[in-house]
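All of the numbers you see were taken from the coordinates with simple rules; none came from a lab. The structure presented is a predicted model; accordingly, all values stated were derived computationally and were not measured. We place every Cβ from the backbone using ideal geometry, glycine too, and count neighbours over all the protein chains shown.
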Amino acid sequence: MTNSVKKKSGKTAAKKKNTPDIAIVPDYVAPSLTNAALVARREAAVPRGVASATAIFADYAENAELWDVEGNRYIDFAGGIAVLNTGHRHPNVIAAAKAQEDHYTHTSFQVVPYEPYVALAEKLNSLAPGDHAKKSLLVTTGAEAVENAVKIARAATGRSGVIAFTGGYHGRTLLTLGLTGKVSPYKKDVGPFPADIFRAPFPSVRDGISVQDALTGLQNLFLTDAAPERVAAIIIEPVLGEGGYTPVPFEMMHALRGICDEHGIMLIADEIQSGFGRSGAWFAIEHSGVIPDLITAAKSMAGGYPIAAVIGRAEVMDAVIPGGLGGTYAGNPVACAAALAAIDVIEEEGLLARSMEMGDIFRARFAEIGARVAPFRMWDIRGLGAMLAVEFVTDFDSAAPDTALNKALISQALKRGLILLGCGMHGNALRLMVPLTASDEIIEEGLAIFEASLVAALAEV
Ligand SMILES: Cc1ncc(COP(=O)(O)O)c(C=O)c1O
């Protein structure tokens, strides 16, 4: 770390505390903004519906660290909501994006197509599970990918019904909100939602819903509201994201595959949060061995650039007529280049194996910290690989969700320089989205802050 920041003028300014080594940003100038002033401007200019989990404003970020505009340093265990499996500004991702920018930044694939789109589609087709022929559509956001997966499934089957699950999260557009299984804050006051969307129960230890109960619920749905021959797709997150980082039991995933095969229904795996190494595999569904018909992907696919995909069986993907898919910005070339580089990083740096290793480290350390400072308050440590969550309860007997403790922990951690994010139907789970490129030292530093913050939070609630 240097201890001064070079101004654009060439003069050297006094460096703020912990300001990063700016060697790779030669004209970096530390801002003179304050978080409080920006919060006030933001409140006046931006609608309150766009809530932020923190009241700090970003200035600079690198790998698993971030600095705010006041020069405060944070360890980032949230990764911009699971977008940064390859870390903030991975040098290879940045270099690929810059190289692309020197050629062209936009032509619209529907007007003048370009090779990076095709190369990314080829790569995604080769990474997705299953030996069958595949094709990929590129769009910009996760919700857009889900919308398109539903359109494709409808065109391929000639049916309209879609079944989603309790606690599932699929986006904030009206169709994807219809699929999302949580009212507050996402669906409150903004309905009605599109027709022909049905909800089946997700298996839940907390709610006493076994896999068999969940499957019975689905069969009942077929009898009561959604005749299976009218259902185009069943969409499920192989590990619930916003809903609490709960993996779908493999037995359930296999049963869904069987039900879809029996009734000619498309199985859509929504891997927007769980994909690209988060769970220790390219796609979390691979852990179960089930092959879906369609996969939606986004987030960590491009290391911080906005791009999303639908990957699926070639004949299914081709069901929509020419012109029926796309979008002005869909598959932006800079984001395609970034995605190809991010995928290479995951391969070259062995990040799938690192995710499994990280998962083991965090599981063991969370359990140890829980036993030491919060006995009988960490009810569950669950997930796949580094897609882990810790669920807090008031006590083990009632297992009542302790949302207050989780909130206090998150806010205590931020004060100490660690960014954490919650999840779950009751907001009492903490999810781990730390870059898979984070070093053991950074992880340990973050865990030490986690422990101190948990102690402080327990004293506060
Ligand atoms: C599983 C899942 N599906 C869909 C989405 C929506 O993606 P986006 O926010 O990019 O629209 C998300 C976002 O968190 C997600 O986790």
### Task
Quick one: work out the % antiparallel among DSSP beta bridges in the chain, nearest 5.
70
### Query
Residue by residue, what Karplus-based ³J(HN,Hα) values in Hz, rounded to whole numbers, does region 148-162 have, using 6.51, -1.76 and 1.60 with θ = phi - 60° and x for Gly and Pro?
5, 4, 5, 4, 5, 5, 5, 5, 6, 9, x, 10, 10, x, 9
### Message
Which chymotrypsin sites (Phe, Trp or Tyr not before Pro) in region 30-138 sit in a loop by DSSP (not H, G, I, E or B) and have at most 15 other Cβ atoms within 10 Å of their own Cβ?
### Response
TYR104
### Message
Just to be sure I understand the model, the point goes 7 Å from the Cα along the line to the Cβ. What's the resulting ASP440 to GLU43 distance in nm?
### Response
4.6
### Task
Take the cross-link list LYS98/LYS415; LYS135/LYS182; LYS135/LYS299 and give me the ones stretching past 28 Å between alpha-carbons.
LYS98/LYS415; LYS135/LYS182
### Query
Percent of alpha carbon pairs in region 265-350 separated by more than 18 Å?
49
### Rg over Rh [alpha-carbon atoms, Kirkwood Rh] for region 347-458
0.96
## Note on the structure
Dipole check, region 217-372, charges on Cβ (K,R +1; D,E -1), about Cα centroid: among LEU240, PRO322, HIS287 the Cα furthest to the positive pole belongs to LEU240
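Taking neighbour Cβ counts within 10 Å as the exposure measure, how do ILE81, ILE410 sort from fewest upward?
Numbers: ILE81 17, ILE410 21.
So the ranking, lowest neighbour count to highest, is ILE81, ILE410.
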### Task
Return the whole-Å distance between the Cα centroid of region 392-461 and the Cα centroid of region 229-269.
30
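For Cα pairs less than 8 Å apart in space and 6+ apart in sequence, what is the mean separation divided by the residue count of the chain, i.e. the relative contact order in percent?
Values: 950 pairs, mean separation 89.8, N = 461.
This gives 19 percent for the chain.
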### Task
Please report how far the C-alpha centroid of region 335-371 lies from that of region 92-170, rounded to the nearest whole angstrom.
23
## Note on the structure
Expressed in angstrom and rounded, the centroid-to-centroid distance over alpha carbons for region 300-331 and region 47-77 is 31
#### Entry: Where the Cα pairs of region 175-217 fall when distances are cut into 10 Å bins, in %
26, 40, 31, 3
### Task
Quick one: which residues, 5+ away or cross-chain, put their amide H under 5 Å from the amide H of GLU65? H built at 1.01 Å from N.
ASP76, HIS88
### Task
Using DSSP to define loop residues, name the trypsin sites (Lys or Arg not before Pro) in region 189-290 whose beta-carbon has at most 12 other beta-carbon atoms within 10 Å.
none
### Task
For LYS134, list long-range residues whose amide hydrogen, built 1.01 Å from N in the peptide plane, is under 5 Å from its own amide hydrogen.
ALA314
### Task
Label the chain by shape, choosing from rounded, prolate and oblate, from the square roots a ≥ b ≥ c of the eigenvalues of the Cα gyration tensor; if a/c is under 1.5 it is rounded, and otherwise prolate applies when a/b is larger than b/c, oblate when it is not.
oblate
### Query
So for CYS260, CYS336, fewest C-beta neighbours within 10 Å to most, what's the order?
CYS260, CYS336
### Test item: Cα-centred dipole of the chain, Lys/Arg +1 and Asp/Glu -1 on Cβ, debye
1440
#### Entry: In order through region 225-238: 3J(HN,Hα) via Karplus (6.51 cos²θ - 1.76 cosθ + 1.60), integer Hz, x for Gly, Pro
10, 10, 4, x, 6, 9, 9, 7, 8, 10, 10, 8, 7, x
### Message
I'd like to know which of PHE392, TRP67, LEU174 lies farthest towards the positive end of the charge dipole of the chain, counting +1 on Cβ of Lys and Arg and -1 on Cβ of Asp and Glu.
### Response
TRP67
### Query
Fewest to most neighbouring Cβ within 10 Å: what's the order for LEU421, LEU432, LEU33?
LEU33, LEU421, LEU432
### Query
Taking the Cα-to-Cβ direction at ASP213 and at HIS132 and moving 7 Å from each Cα, how far apart do the two end points lie in nm?
3.3
